[in-house]
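Just below is one structure, and these are the notes that go with it.
FYI, it's all coordinate maths here, none of it is from the lab. Keep in mind it's a predicted model, so treat the numbers as computed, not measured. So basically every Cβ, Gly included, is an ideal-geometry build from the backbone, and we count neighbours across all protein chains shown.
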Amino acid sequence: MAFNDKSGGPWGSGSGSKNGGSGNNNNPWGGGSNQNNNPDFDEIMNSLRKRFGKFYPSGPSGNRFILLIVFIIFVIWLLSGFYSVGTQEQGIVLRFGDYSRTTQPGLHYHLPSPIERVLLPQVTSVNRIDIGFRALDGNSNARRDVSSESKMITGDENIVDIDFRVMWKISMAENFLFNLQDPEETVKVAAESVMRGIIGQIKIESALTDAKELIQSRARSKLQELVDEYGAGIEIRDVQLLSVNPPSEEVIDAFNDVQRARQERDKLINEAEAFFNDVVPRARGESAQLVAQAEAYSEEIVNRAKGDASRFNDIYKSYLSSKDVTVKRIYLETFEEILGNVNKVIIDTEVSQSGVLPFLPLPELNNKNRSISSGGN
């Protein structure tokens, strides 16, 4: 940039001549002009000496003093280009008013003003826009309704009163600063338009009951698409439905009664489902246990029957091969099984054949056998 143009450079244009008249001198300090319209250094020094001579010594030392002052001013001007970007900021550098570059947190340098200047928008802080209401005295619980924003028509041509909040932050600082004249108002108008479009597709019953999550999700997605089309450099972090109500107090009371009835119905349904989920699995477990026991008993009986049949077949084969031996063995095994656990009295046949009737003290023998058995146990 040339500082000796018609505007007189960044210090403004001087006027006047040696004779005190007006002229078209182009140097920033005023004074006469030579034939080439370029300022003469001696003339500049003389002009400064005339105007500010009382502040510095005369002679060659005075010229050096002026040069020192100019040099110091120039250094200070150069040093003014250093700037710091905070952790929550981005630096947007403008060169002659046009976007030049974006800088991240830290210490940086730009060409001093008026060549370049820097803007420092907050890019990490989350901003909030309330639609349908305004908080009173900074208290979010105390609200003033804005009916022009909150009244919306549902898909079945009913009216609901909706208060919601949009949370947003800057994603691209250069777009945020230069593409929109009023970004916050743009987000507000766009959010209201998107919400009206979504509510216009939903019935009032759903809007008042179970469609809250769906409305919030759709609103956030569509609002992000809309601000992206604008090139706003804004990220929509969240859309929060704070309240969805019918427009009048009488309707609100009736609606609240319906809501309480539905909540009671849902409570009973949940209790019934909990009872069902507790009893049915338990009954199924018990029935499975009984079935398993029955199957085990059935398998045991079948196996026992198969074993008995196999044993009978073995005996039958033995009987066919040696009938007398088999019959006698079966006879002895049967008597062994019958007489194994009973008291027995054995009488010699020779005594009975001699004609003498033996005396058998059966009660005493039984008592003796019992005492022997108990002692053995």
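Side notes on the structure shown:
- Ranked list, fewest to most other Cβ atoms within 10 Å of each Cβ, for 168, 77: 77, 168
- Rg over Rh, two decimals, the stretch 82-174 (C-alpha only, Kirkwood Rh): 1.24
- Going from the residue with the fewest nearby Cβ atoms within 10 Å to the one with the most, 195, 167, 152 rank 167, 152, 195.
- Long-range Cα-Cα pairs in the stretch 167-308 (distance over 22 Å), rounded percent: 65 percent
- Estimated from the Cβ-Cβ distance and a Förster radius of 56 angstrom, the FRET efficiency linking residue 65 and residue 145 is about 0.20.
- Residue 189 versus residue 268: modelled label distance in nm, points set 7 Å from Cα along the beta carbon direction: 5.2 nm
- Only aspartates and glutamates eight or more places from residue 317 in sequence, or on another chain, were considered; those with a Cα closer than 15 Å are 308.
- Listed from fewest to most Cβ neighbours within 10 Å, the set 83, 331 follows the order 331, 83.
- Full extension of the chain between residue 304 and residue 88 yields a length gain of 69.2 nm, computed as 0.36 nm times the residue separation minus the alpha carbon distance.
- Calculated log₁₀ intensity ratio I(q)/I(0) where the Debye formula runs over C-alpha points of the stretch 127-247, q = 0.10, 0.11 Å⁻¹: -0.30, -0.36
- For the stretch 263-278, Karplus couplings with θ = phi - 60° (6.51, -1.76, 1.60), whole Hz, Gly/Pro x: 5, 5, 4, 4, 4, 5, 4, 5, 5, 5, 5, 5, 4, 4, 5, 8
- For the pair residue 122 and residue 288 in one chain, pulling the backbone fully straight at 0.36 nm per residue adds 53.1 nm over the alpha carbon distance.
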